[in-house]
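The values are calculated or read from the model by the stated rules, or taken from the named source; none is laboratory data. A quick note: this is a predicted structure, and the numbers were derived from the prediction, not measured. All Cβ positions, glycine included, derive from the backbone under ideal geometry; neighbour counts span all protein chains shown.
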Amino acid sequence: MNQPINLNSFREGPDEDGRFGIFGGRFVAETLMPLILDLQAEWNKAKTDPAFQAELKDLGAHYIGRPSPLYYAERLTQHLGGAKIYFKREELNHTGSHKINNCIGQILLARRMGKTRIIAETGAGQHGVASATVAARFGLPCVVYMGATDVERQAPNVFRMKLLGAEVKPVTAGSGTLKDAMNEALRDWVTNVDDTYYLIGTAAGPHPYPELVRDFQAVIGQEAREQILAAEGRLPDMVIAAVGGGSNAIGIFHPFLDDKDVQIVGVEAGGKGLDGEEHCASLTAGSPGVLHGNRTYLLQDADGQIKEGHSISAGLDYPGIGPEHAWLHDTGRAEYVPIMDDEALEAFQLLTKLEGIIPALEPSHAVAEVIKRAPKMRKDQIIVMNLSGRGDKDIFTVGKILGMEL
Amino acid sequence: MTARMDKRFADLAAEGRPALVTYFMGGDPDYASSLEIMKALPKAGADVIELGMPFSDPMADGPAIQLAGQRALAGGQTLAKTLQMARDFRKDDDATPIVLMGYYNPIYIYGVDRFLDDALEAGIDGLIVVDLPPEMDDELCIPAVAKGINFIRLATPTTDEKRLPAVLKNTSGFVYYVSMNGITGSALPDPSVIGSAVGRIKAHTGLPVCVGFGVKTAEHARAIGASADGVVVGTAIVNQIASSLTADGKASAATVAGVETLVMSLASGVRASRLAAAE
Ligand SMILES: Cc1ncc(COP(=O)(O)O)c(C=O)c1O
């Protein structure tokens, strides 16, 4: 496993059955099968429809605020004393993260399909907020499933969703985190097949979701590629992103996959360490299995029961990963590494102090990897990191851990 | 295909009444009690047994079956133990068909070939795997059928005329018609609507059609049994088990007895539907 293989292109997946190598697929109940086939048919039409693409572009520019800047982090670069560090500033998007890119795309699909009700799952609440936002913008009712544990640790986002008119349904099953929210969203979808659109928040789930979420997020990498060429006249040496389900990462990775000299690094949540159970490093410490409609790497026991996982950041707290990442891992095209809770927390503080940017805890994991790698690289080398979200939602969690009075 | 299943449905057809298909979760609340429940089912009038394989993430199940799975897993149930339960049951009963029902991942992790060999040897007659639609037939369905284990597919209200042939293609044993779009444990829709859906499926297949999701009482069983070849009851049995448990979740004297009483009542329902149909 993980033998580098040489393909003409790493950007051609998935095949028509939604497979990336052995990963992906459509492992869903029969009730949902006609729905995902409809979605696929609609997506195939929309992809090549100039009107759809034009509307997406227009909303991207005027509603989300695209393109997001590519920012040279001068002080962090000096501090680390190695490679030049650039941030792709997805945290400046409307609603504060990359999640909105996907939500705008999918709500346009939902409207094309004549769906009148939106459901979504959320972990950190960023996808829930982005879903509630586009639902408000397009005048559709929205129900967001959120693990009860996450409702508690991401309270500001719960309030935002409610203000935006969404109904937030806490899920107490399991450990009350993202995986349980996804189960509950699927149960809702099976029950409300006629009017409901399931707006999945990450590049996982049954085909065609991993593909379409990737394509809506690939704008990140497309812009970053052009921006770095404009700024430096060349491609970066390394692209780094945090991986929960994998949407911000695949979004920035995908346009660089065929640039063989660009090293690609995904950062998983190492939680409290890979020795115990309290982490979410599906690629580093998991094994292939089938959950939530696709085959991918999962945290599971010897009987195939899915484990709960843990991360300081609610958005990385998922025991699986999008199937394309599983494939990029096995083909060796991308490398995946864990970062521990305490390393992410330190990175969070360092970036805040040095650059005046408060990152979300999810991309703080990627920052921590940058902190490890940049000093070992030459000064003429370049790292581009996806700063996928801002940390406003996390200040209470961080404050509590640091023992600060708020 | 395994003879037990075909013989059972042929005998019932001769008798002129629908089958009572009973679901319970293997290992709920513990192995020994669950095996006793399994043995009690045919004695109380069940014709086919669906043996639930617990999974941590049962996406198509309502709270009752979710909790039953959690109880079973907490009690140490594994796929290997579920197969053992079938083996133990077969020591005294070689006639009642057993269908394993659950989700794919535990089977995938067990290893498909090894699973099919062990299932056959344990006396399993069929499989219902919720998250394997026809598009995924290469995974388990085709290997299972090749080894002589029935692969029973779910057809649902969203399975339209266009899709039905694909759904029926590699199906054997019986067709499981899911009465509604929804999860297990929901309310039963209008029996006449179900009756016409069953007719629609029967126009495409000679296989028996059993109806499940929402059947809770003898009266439901009678009404649904008027048009279907079998009636599946799951959540009602699982709820009966849950309500019999002690405060700390252990089986009580009422656990097996309660299931027996319920299944006897349901069995009277399917038997009454023969009389109703003959009228
Ligand atoms: C800011 C941010 N980054 C990353 C993630 C992880 O998701 P994904 O891996 O799909 O990008 C989340 C999820 O909530 C998030 O809010």
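In a residue-by-residue description of segment A:308-321, the property of being more than 21 Å from A:Q126 (Cα to Cα) and within 16 Å of the ligand (Cβ to nearest atom) applies to no position.
Of the helices (runs of 4 or more DSSP H) lying entirely inside segment B:58-170, those carrying at least 1 residues that are touching a Gly at 6+ places or on another chain (Cβ under 8 Å) and buried (at least 16 other Cβ atoms within 10 Å of the Cβ) are B:63-74, B:79-90, B:104-110. Of the strands (runs of 3 or more DSSP E) lying entirely inside segment A:1-113, those containing at least 2 residues that are assigned by the TED database to the domain that holds A:F256 and either modelled with pLDDT of 95 or more or within 18 Å of A:S131 (Cα to Cα) (or both) span A:70-72, A:84-89. Residues of segment B:140-158 that are charged (D, E, K, R) and more than 8 Å from chain A (Cβ to nearest Cβ): B:K147 alone. Against the conditions (1) surrounded by 19 or more Cβ atoms within 10 Å (Cβ to Cβ); (2) within 13 Å of another protein chain (Cβ to nearest Cβ), B:P18 satisfies every one except (2). In summary, helices (runs of 4 or more DSSP H) completely within segment A:322-391 and bearing 1 or more residues that are among the basic types (K, R), more than 23 Å from A:H292 (Cβ to Cβ) and away from the ligand (no atom under 16 Å from the Cβ) occur at A:341-355, A:361-373. Among the residues of segment A:55-103, write down those that are more than 16 Å from the ligand (Cβ to nearest atom) and polar (S, T, N, Q). Scanning segment A:55-103 gives A:T77, A:Q78. Between A:A110, A:A130, the distinction of being away from chain B (no Cβ under 14 Å), more than 10 Å from the ligand (Cβ to nearest atom) and farther than 17 Å from A:A249 by Cα belongs to A:A110 only. At negative phi, within 14 Å of chain B (Cβ to nearest Cβ) and of a type in the set (S, T, N, Q) - does that describe any residue in segment A:327-346? Taking every residue of segment A:327-346 in turn, none turns out to be at negative phi, within 14 Å of chain B (Cβ to nearest Cβ) and of a type in the set (S, T, N, Q).
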